[in-house]
Amino acid sequence: MSFDANTIRDEFPILSMEANEHPLVYLDNAATTQKPQVVLDALISYYTTSNANVHRGAHYLSDRATAQFEHARDRVAQFLNAPENSYVIWTKGTTEAINQVAHGLEWCIAPDDEILITSLEHHANLVPWQQLAFRTGARLRVLPLTSKGEWEPEYAHYFNERTRIFACTQISNAIGVKTPLKDMLAAAKAVGAFTLVDGAQAVAHYEVDVTELDCDFYAFSGHKMYGPTGIGALYGKAHALDVLTPLQTGGEMVSHVTYNSTEFNTLPYRLEAGTPNIEGVIGLSAACDFLACQDREDMLIWEQKLARYVYDELKFNNDIEIYSPATDTTVVSLSVPGIHTLDLNGYLDSQGVAVRAGSHCAHPLMAQLGVSSTLRASFACYNTLSEARRFCDVLLEAIEILGDD
Amino acid sequence: MTELNRDAIQAQLQTCTSKEATFKELVSLSKQLDRLTDAEKIEENKVKGCESAVWLIERQENGVCTFQADSDAKLMRGVLAVILSLANGHSKAELQAMDLAAELNEFNLSSYLTSSRTNGILGILKRIKS
């Protein structure tokens with residue numbers, strides 16, 4: 001197997017579109033990726049050959065749907081290299097997965113307990129913990145990581161006997177930096193804390209191995225890894241999922257109900273109330289298949305090469321400040337002091353270049369970097385070197401047009 | 001104070017047939033907008049809900065309203081110039097009777113007024129009427 005972006009591009013119908021009378025250059029992949037034909041086909045195929053509700057009907061279509069639905073669970077478990085005695089719970093995405101854990105562990109949080117996150121978190125891995133802290137009287141603590149993703153030794157005391165939960169992103173969505181996950185998880189485990197990893201930005205790029213990470217929970221979204229929107233998963237070790245209070249109750253998650261009591265179903269169903277997003281699950285499984293067919297290592301090298309190209313093209317430009325690392329990233333997050341990122345974004349968009357301007361749902365991190373927003377170009381497997389070049393050219397044009405005051 | 005001529009602005013924007021042309025016209029319009037001083041860019045003059053920071057000041061003389069507005073983003077300053085060309089020189093009662101959103105739609109700016117910016121702009125229009 002060898003990886004070629006130009007070949008893989010052909011599998012993504014949307015990429016041949018024009019945007020504002022220019023060829024579309026889609027560099028907003030950290031927000032959501034485009035979908036390959038195999039994923040689109042899986043959705044159509046599900047509705048044309050298998051649509052029925054899962055788990056309940058004793059009929060032909062229901063059996064087909066249920067078989068595909070449960071096969072998808074195995075597929076995702078394999079994708080994550082989940083060990084035995086663990087489960088995959090379907091969620092709407094990373095946000096719901098984290099909320100499920102934050103809600104589910106509330107019963108074991110006491111006042112004066114500590115919930116620890118890092119300074120590189122997305123709001124999705126911050127606000128649920130902050131709100132949990134408000135509800136329980138626990139203290140939300142923020143482990144300072146540098147914008148290079150380094151953890152200074154003087155902050156070791158953030159992990160202590162009061163730390164109940166440690167939740168951390170694998171990769172910063174805003175600036176694309178990796179966190180020192182292995183060391184931090186070891187420190188968290190040493191003090192007996194529950195550990196959760198936000199894998200939203202990792203799954204499209206890295207081969208995830210939850211057995212090696214040895215975290216209690218791992219959350220991710222399908223739409224950031226070439227799958228459909230509205231589907232994601234919460235992976236968890238059985239003993240960790242077992243103690244979670246369900247975020248939602250209703251049908252499917254019960255085994256027996258009277259007016260006075262409810263007996264909950266076993267895992268994974270106990271945490272999956274209501275009719276699930278069946279098409280999403282099947283589409284996500286197809287996305288796992290799509291990734292399994294690629295040379296993941298070469299694919300990552302390619303994506304990093306594109307980010308590095310942009311970094312090298314822009315690093316000596318005095319107008320531009322880059323917040324992403326030079327290497328080991330698929331993202332270039334930058335700002336141009338004196339020009340609003342929304343204005344830069346407006347010009348890029350007028351030229352068919354799609355990027356993201358804003359605070360990237362990470363207000364505290366923006367404050368740490370001393371900016372209110374950044375412009376983020378994020379790469380996926382189907383991006384080409386000429387697209388990376390086009391981004392640089394158009395950005396420089398934008399600076400030229402917008403910079404004359 | 002620079003006079004913002006509604007008809008001239010509208011005519012100019014209607015010649016724009018591409019997003020790029022509209023972008024450049026808004027940038028050019030942004031230069032017609034008088035900037036606010038730092039002392040005027042205070043919290044109570046800030047319009048909430050905009051992606052970029054927007055400040056709006058109102059003055060009334062003989063029943064006629066004059067607005068001044070500013071933003072840290074140029075495109076927004078261009079849009080503000082358009083809005084002020086609609087709103088300035090009217091009485092409060094006239095402004096309240098006007099459908100500012102509908103009038104704004106006549107400026108061929110739809111792609112700049114969509115999505116998350118819309119909420120911000122509606123907030124500006126609401127404040128002008130209040």
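The values are calculated or read from the model by the stated rules, or taken from the named source; none is laboratory data. Computed from a predicted structure; not experimentally measured. FYI the Cβ positions are ideal-geometry reconstructions off the backbone, even for glycines, and counts take in every protein chain you see. Heavy atoms of the whole protein, side chains included, go into the accessibility calculation; ligands, DNA and RNA do not. Shrake-Rupley method; radii C 1.70, N 1.55, O 1.52, S 1.80 Å.
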Condition met for A:LEU267 (open to solvent by less than 40 Å² (accessible area, probe 1.4 Å) and out of contact with any strand residue (DSSP E or B) (no Cβ under 6 Å at 6 or more places or on another chain)): no
Scanning the stretch A:361-371 residue by residue, those open to solvent by 10 Å² or more (accessible area, probe 1.4 Å) and part of a loop (DSSP other than H, G, I, E, B) turn out to be A:CYS361, A:GLY370, A:VAL371
Which one of the conditions (1) open to solvent by 20 Å² or more (accessible area, probe 1.4 Å); (2) not assigned by TED's automatic domain parsing to the domain that holds A:LEU396 does A:GLY283 fail to meet, given that it meets all the rest? (1)
Can you name the residue in the stretch A:6-24 that is within 14 Å of chain B (Cβ to nearest Cβ) and either in contact with a strand residue (DSSP E or B) (Cβ under 6 Å, 6 or more places away or on another chain) or in a loop (DSSP other than H, G, I, E, B) (or both) and, of all such residues, is modelled with the highest pLDDT? A:LEU24
Residues of the stretch A:143-170 being out of contact with any Leu (no Cβ under 8 Å at 6 or more places or on another chain) and of a type in the set (A, V, I, L, M), which ones? A:ALA156
Contact list, first residue from the stretch A:351-371 and within 14 Å of chain B (Cβ to nearest Cβ) and farther than 20 Å from A:ARG389 by Cβ, second anywhere and surrounded by fewer than 17 Cβ atoms within 10 Å (Cβ to Cβ) and at pLDDT 90 or above, beta-carbon distance below 7 Å, six or more apart or interchain, is A:SER359/A:SER372; A:MET366/A:SER372
Conditions first: (1) open to solvent by less than 30 Å² (accessible area, probe 1.4 Å); (2) out of contact with any Cys (no Cβ under 8 Å at 6 or more places or on another chain). A:LEU140 passes all but one, so which condition is the exception? (1)
Expected output for the stretch A:66-82 (first residue at positive phi, partner open to solvent by 30 Å² or more (accessible area, probe 1.4 Å) and not in a helix (DSSP H, G or I), Cβ below 9 Å, 6+ apart or cross-chain) is A:ASN81/A:GLU207; A:ASN81/A:ASP209
The residue from A:SER255, A:SER324 that alone is assigned to a loop (DSSP other than H, G, I, E, B), over 30 Å from A:ALA42 (Cα atoms) and more than 14 Å from chain B (Cβ to nearest Cβ) is A:SER324
Right, A:GLY358: surrounded by fewer than 22 Cβ atoms within 10 Å (Cβ to Cβ) and in contact with a helix residue (DSSP H, G or I) (Cβ under 9 Å, 6 or more places away or on another chain) or not? yes
Of all residues making up the stretch A:43-65, the number that are in a helix (DSSP H, G or I) and open to solvent by 30 Å² or more (accessible area, probe 1.4 Å): 10
Which one of B:ALA101, B:ALA87, B:ALA93, B:ALA81 is away from chain A (no Cβ under 14 Å) and open to solvent by 50 Å² or more (accessible area, probe 1.4 Å)? B:ALA93
Condition (residue is among the polar types (S, T, N, Q), more than 30 Å from A:ALA357 (Cβ to Cβ) and in the same structural domain as A:PRO111 (by TED's automatic domain parsing)) applied to the stretch A:207-216: is it met by at least one residue? yes
When residues of the stretch B:8-65 are limited to those that are β-branched (Val, Ile, Thr) and away from chain A (no Cβ under 14 Å), the one surrounded by the fewest Cβ atoms within 10 Å (Cβ to Cβ): B:THR37
Give A:LEU80, A:LEU24 a once-over and let me know the one that is surrounded by 15 or more Cβ atoms within 10 Å (Cβ to Cβ), within 23 Å of A:LYS224 (Cα to Cα) and over 22 Å from the mean Cα position of the chain (by Cα). A:LEU24
Which ones in the stretch A:312-346 are open to solvent by 50 Å² or more (accessible area, probe 1.4 Å), of a type outside the set (Val, Ile, Thr) and out of contact with any Ser or Thr (no Cβ under 7 Å at 6 or more places or on another chain)? A:ASP312, A:GLU313, A:LYS315, A:PHE316, A:ASN318, A:ASP319, A:ASP328, A:PRO337, A:GLY338
Does A:TYR347 meet the test of being in contact (Cβ under 8 Å) with a residue 12 or more places away in the chain and over 21 Å from A:ASP319 (Cβ atoms)? no
So is A:HIS239 surrounded by fewer than 17 Cβ atoms within 10 Å (Cβ to Cβ), under 30 Å from A:TRP151 (Cα atoms) and not aliphatic (A, V, I, L, M) or not? yes
Just one of A:LEU132, A:LEU181, A:LEU145 is outside the structural domain of A:ALA362 (by TED's automatic domain parsing), without any contact (Cβ under 8 Å) to a residue 40 or more places away in the chain and under 16 Å from the mean Cα position of the chain (by Cα); which is it? A:LEU181
If you go through the stretch A:323-336 one residue at a time, do you hit one that is assigned by TED's automatic domain parsing to the domain that holds A:ASN383 and in contact with a Leu (Cβ under 6 Å, 6 or more places away or on another chain)? yes
A:VAL54, sole failed condition from (1) free of Cβ contacts under 8 Å to residues at least 24 places away in the same chain; (2) assigned by TED's automatic domain parsing to the domain that holds A:LYS224: (1)
Among B:PHE107, B:PHE67, which is in contact with a strand residue (DSSP E or B) (Cβ under 6 Å, 6 or more places away or on another chain) and hydrophobic (A, V, I, L, M, F, W, C)? B:PHE67
Considering residues that are modelled with pLDDT of 95 or more, open to solvent by less than 30 Å² (accessible area, probe 1.4 Å) and within 11 Å of chain B (Cβ to nearest Cβ), the number found within the stretch A:372-401 is 2
